[in-house]
Amino acid sequence: MNLLESSIEFVKNKLAGVDPGHDWSHTERVLKLARHIQQSEQKGDLEIIELAVVFHDIADSKFHDGDEDKGGNIAFNFLAEEGYPPEKAASIRDIINNMSFRHGFEIKDEQSIEFQIVQDADRLDAMGAIGIARAFSYGGFKQREMYNPDIPPEDYADTEAYRRSTAPTLNHFYEKLFRLTDLMNTETGRSIAKDRHNYMLAFVDRFKDEWEGKL
Ligand code: ADP
Ligand code: NI
């Protein structure tokens, strides 16, 4: 087994039984997207990108007491034990620790191209048909209403306000998902995002029509 394969084994075991929004299939889809972006852009170190993707959701902070650095450290320790060079393991740790949406609210310093590609790939899996499914899956897990026309979407001042929100799932489209296209780092990511964005817009329009009883 090479390093990528043993990392995949390790992470698959760790992710067994987690919610369907963050299970291994999410990581597999992000891996495909990230490889596609890397190939199309012809930028970034593929090995770093692949390993960062494999470990990126290993300890999602929403489910681990908000300790945002834990995932990167798990990855670093595993890779170091496998004999991977510490500088490279450290760059993977940094990608993972900077990935969370909490940091997405803050203005970030210029990030490495590897970070940018992994982030685009992860964000793309929150869009389109899969993104819609993940949003309602998350909303169900949190026992949120699907939609409530009396509760308008909000512009959260900071991450804590966003985390405290118990707003209906449809608000999440305005509060986060429709913003992702403009946040894409790469041209390849942006072009896939536009397509997925339009699909979500059509979905939300139709959802509201059906909600109001249009036939
Ligand atoms: P990431 O994609 O960076 O792991 P999150 O962990 O915040 O982002 O979200 C994981 C999935 O859950 C995404 O598909 C996201 O859209 C969805 N999600 C997160 N927060 C909400 C929410 N308040 N309502 C509906 N879906 C959500
Ligand atoms: Ni993810």
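Each reported figure results from applying straightforward, stated rules to the coordinates on display, with no laboratory input. All of these numbers come straight from a predicted model, not from anything done at the bench. Please note: Cβ atoms are built from the backbone with ideal geometry, for glycine as well, and neighbour counts cover all protein chains shown.
Of the peptides 127-137, 142-152, the ranking by mean beta-carbon count within 10 Å, highest at the top, reads 127-137, 142-152. Kindly identify the range 151-201 as rounded, prolate or oblate by the Cα gyration tensor criterion: order the square roots of the eigenvalues as a ≥ b ≥ c, call it rounded if a/c is under 1.5, otherwise compare a/b with b/c, prolate if a/b is larger, else oblate. Taking the square roots of the gyration eigenvalues as a ≥ b ≥ c, the range 151-201 is oblate. All distinct Cα pairs of the range 137-176 go into the 1/r average, and the inverse of that average, the Kirkwood radius, is 10.3 Å.
Listing S91, S191 from fewest to most neighbouring C-beta atoms within 10 Å gives S191, S91. Estimated from helices alone, the mean residue ellipticity of the chain at 222 nm is -19500 deg cm²/dmol (sum of -39500 (n - 2.57) over DSSP H runs with n ≥ 4, per residue). Summing Lys and Arg as +1 and Asp and Glu as -1 over all other residues whose Cβ lies under 14 Å from the Cβ of P152 gives a net charge of -4. Cβ under 12 Å from V11's Cβ, V11 left aside: what net charge do those residues give with Lys, Arg +1 and Asp, Glu -1? So the surrounding residues net to -4. What you get for the chain, charging only the Cβ of Lys and Arg (+1) and of Asp and Glu (-1), is a dipole of about 580 debye around the Cα centre. Pairs K14/K142; K70/K208; K32/K70; K14/K88: which exceed 28 Å Cα-Cα? Too far apart for the 28 Å limit: K70/K208. Approximating the spin labels as points 7 Å out from Cα along Cα→Cβ, the S40-to-E175 distance works out to 3.0 nm.
Can you sort R206, R93 from fewest to most other Cβ atoms within 10 Å of each residue's own Cβ?
Least to most surrounded, the residues fall as R206, R93.
In vacuum, with every alpha carbon of the chain counted as one equal point scatterer, what does the Debye formula give for log10 I(q)/I(0) at q = 0.15, 0.18 Å⁻¹? Two decimals, please. One equal scatterer on each Cα of the chain leads to -1.00, -1.39.
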